[in-house]
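K.L.:
One structure, as structure tokens, below. Some questions next.
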């Protein structure tokens, strides 16, 4: 797995404010190196954070998990790898990639919040439109039933 592949996939997720385009490598990185459970598979993981609010929560959790790594592991304050325990099957320095992810989140935080807020508002509007349509149909049905009852 290459660092650029993981970071490019992550950047794509940030720009889209969802995990739909998350690569398999990024999925594995999240659940093997960033403290997230696997949610059965990549599809389950993606579905768990599909809602804009859930995506924002995911980003906050990711920041906390990476920050906790700094505090409670073999990482020192400048985020260098003091052990080889992070290398495993990766051909890159995992702490440096995590630091880059933190920087990408910080750099794009206002854009992420804005886009997620817009998407959530649109979902709510769509939901309201659906509810309004259903309410109107139900009211029409009730009026019709009431008219039939009055004619009998």
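Throughout, read-outs are computed from the coordinates displayed, never taken from laboratory work. Predicted model, so just to flag it, every value in this text is computed and none were measured. Backbone-built Cβ (ideal geometry, glycine too); neighbour counts: all protein chains shown.
K.L.:
Running a GNM on the chain with Cα contacts under 10 Å, which residue among 32, 138, 120 ends up with the highest mean-square fluctuation?
P.N.:
In this elastic network of the chain, the residue with the biggest mean-square fluctuation among 32, 138, 120 is 138.
K.L.:
Which residue fluctuates most in the GNM of the chain (Cα springs below 10 Å): 21, 141, 71?
P.N.:
Result for the chain, Cα springs under 10 Å: 141 fluctuates most.
K.L.:
Against the longest alpha carbon principal axis of the chain, how many degrees, from 0 to 90 and to the nearest 10, is the axis of helix 3-16 turned?
P.N.:
30
K.L.:
Would you mind checking the tilt of helix 94-151 against the longest principal axis of the Cα atoms of the chain, expressed as 0 to 90 degrees and rounded to 10?
P.N.:
Compared with the principal axis, the helix lies near 10 degrees.
K.L.:
I'd like the distance between the alpha-carbon centres of the stretch 90-149 and the stretch 34-59, rounded to an integer number of Å.
P.N.:
15
K.L.:
Any idea what Rg and Dmax come out to for the chain if you just take the C-alpha atoms, in Å?
P.N.:
22.7, 86
K.L.:
How high is the relative contact order of the chain, given as a whole-number percent (alpha carbon pairs under 8 Å, six or more residues apart)? Show your work: numbers first, answer last.
P.N.:
Numbers: 111 pairs, mean separation 36.4, N = 152.
Worked out over the chain, it gives 24 percent.
K.L.:
Okay, moving on. With a 10 Å cut-off between alpha carbons and a GNM built on the chain, which of 69, 132, 16 moves the most?
P.N.:
Taking springs between Cα atoms under 10 Å, the residue moving most is 132.
K.L.:
Another one. Give me the extension gain from residue 124 to residue 136: residue separation times 0.36 nm, minus the current Cα-Cα distance, reported in nm with one decimal.
P.N.:
Values: separation 12, 0.36 × 12 = 4.32 nm, distance 1.80 nm.
So the extension gain works out to 2.5 nm.
K.L.:
Further, regarding this structure: Specify the angular offset, from 0 to 90 degrees and rounded to the nearest 10, of the alpha carbon long axis of helix 52-72 from the longest principal axis of the alpha carbons in the chain.
P.N.:
Around 20 degrees separate the two axes.
K.L.:
So for the pair residue 65, residue 114, with labels modelled 7 Å out along Cα→Cβ, what separation do we get in nm?
P.N.:
2.8
K.L.:
Using only the Cα atoms of the stretch 1-50, build the gyration tensor, take square roots of its eigenvalues as a ≥ b ≥ c, and label the shape rounded, prolate or oblate: rounded if a/c is under 1.5, else prolate if a/b is larger than b/c, else oblate. If you can, show how the numbers build up before the last one.
P.N.:
On the way: a/c = 1.98, a/b = 1.14, b/c = 1.73.
The shape class here is oblate.
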